[in-house]
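The block underneath contains the structure these notes are about, expressed in structure tokens.
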Amino acid sequence: MKNLLLVPVVFAVITASAQPNADSAAFYLKKGDEARQSKRMLVAAQQYRKALQFDASNTDAQRGLGDASVDMRRYPDAIVAYQEVVKKIPDDKEANEQLANLYFWTRRWNDAIATAKKMQQQKIGNNPEYIIGKSYSELEDYGQAYPFLQAAAKNDSANADIPYTIARGMVEMSNYRNAAPFFLKAIALDTTKPRWVYETALNFAAIPDDKTAIKYYLLAADRGYRTDNDYYENLSISYEGAGQLDKGIDALKKVLEKKPADLDLLNSVASLLYKTGKYQEAIDYWDRILSYDKQNAKSLYMIGMAYQKKGDKEKGMQLCDQAIKMDPSLANLKKQKSGMGL
């Protein structure tokens, strides 16, 4: 009889110890909800953690901690909290959607793909196809990315990042012509990103379509893109490709103001001046190269060619011959230019 009396006593002890824990967890859960409603996210997170100390299985407290952590942009903490919810409730729609976004924001691409595919299966959330397609693109798997991004574009035609991401994938595959319409759509949808406009210009230059490239180089500058040395050098290349040599020269001169001893730039300006028939100016720029590098036989040779174009054939031929002595390989250049009548 004594042994039988022990059972209800033990049961009573267990019940008595469990109930205060549950009550304490509920108490701190309520305090956490109240703090979050009043936008005191740090306090809310502290209260949710206290609730979990009393009842680690409380998914409402985990969810509250996850929500408060997202509001504070403490994404690693939020991920852990929502993961705990999913461990207990694998099909929890809210937790799966939050995790997909958090993995995406924290660049955990494979996790983002897997969780966004759960969103697809559950038919929840805002455009999981975008998360999947963008994540595949970041993993440089453009073949997998494309169909999801196409589907995402149908779901959200106003999201400029979708055509931009497709365009970038096409560029990575050197498919510049197919990239062009996606760049154009992206910069039409979002006029606040001058970098995208500049990339559009670079893409047209790569096609090559220099006239269109020039249009978007100039538009990029109008929208606030920084007109640094690379900008003017690329713009100059397109001006030259479009046959607008004087504008190409002007663009390169802007760079030379900042890089006066850049021998490649000096040579490019001199070459464009030579093509436009401004032979004396071309000579002046090649002379500047020789002032930095007296053994630059190519510049000396071109000075000789420019003198010949000016009508001083004897001086020009002497300079060309002097250059060939310095660099015998220039004899081939002489033959080529003679054949072209230059």
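The values are calculated or read from the model by the stated rules, or taken from the named source; none is laboratory data. The shown structure was predicted, so the numbers you read here are calculated from the model rather than taken from an experiment. Note that each Cβ is placed from the backbone with ideal geometry, even for glycine, and that neighbours are counted across all protein chains shown.
Take the conditions crowded, with 21+ Cβ neighbours inside 10 Å, closer than 22 Å to LYS134 by Cβ and without any contact (Cβ under 8 Å) to a residue 60 or more places away in the chain and apply them to ALA100. Does it pass? Yes, satisfied.
Going by what's in this entry, would ILE79 be described as β-branched (Val, Ile, Thr), farther than 24 Å from SER38 by Cβ, in contact with a helix residue (DSSP H, G or I) (Cβ under 7 Å, 6 or more places away or on another chain) and crowded, with 22+ Cβ neighbours inside 10 Å? The answer is no for ILE79. May I ask you to list the residues in the stretch 169-180 that are farther than 17 Å from ALA220 by Cα, assigned to a helix (DSSP H, G or I) and of a type outside the set (Val, Ile, Thr)? Residues satisfying the conditions are GLY169, MET170, GLU172, TYR176, ARG177, ASN178, ALA179. Residue-level analysis places TYR285 outside the set of residues that are closer than 30 Å to LYS193 by Cβ and buried (at least 21 other Cβ atoms within 10 Å of the Cβ).
The condition of being surrounded by 10 or more Cβ atoms within 10 Å (Cβ to Cβ), modelled with pLDDT under 95 and among the aliphatic types (A, V, I, L, M) holds for only one of VAL7, VAL13, that being VAL13.
Tell me yes or no: at least one residue of the stretch 158-176 is surrounded by 16 or more Cβ atoms within 10 Å (Cβ to Cβ) and of a type in the set (Asp, Glu). Checked the stretch 158-176: at least one residue is surrounded by 16 or more Cβ atoms within 10 Å (Cβ to Cβ) and of a type in the set (Asp, Glu). Of the helices (runs of 4 or more DSSP H) lying entirely inside the stretch 209-277, not one is found with 2 or more residues being assigned by TED's automatic domain parsing to the domain that holds ASN296 and within 23 Å of the chain's Cα centre (by Cα). Does GLY224 qualify as being surrounded by fewer than 16 Cβ atoms within 10 Å (Cβ to Cβ) and touching a Pro at 6+ places or on another chain (Cβ under 7 Å)? Against the criterion (surrounded by fewer than 16 Cβ atoms within 10 Å (Cβ to Cβ) and touching a Pro at 6+ places or on another chain (Cβ under 7 Å)), GLY224 qualifies.
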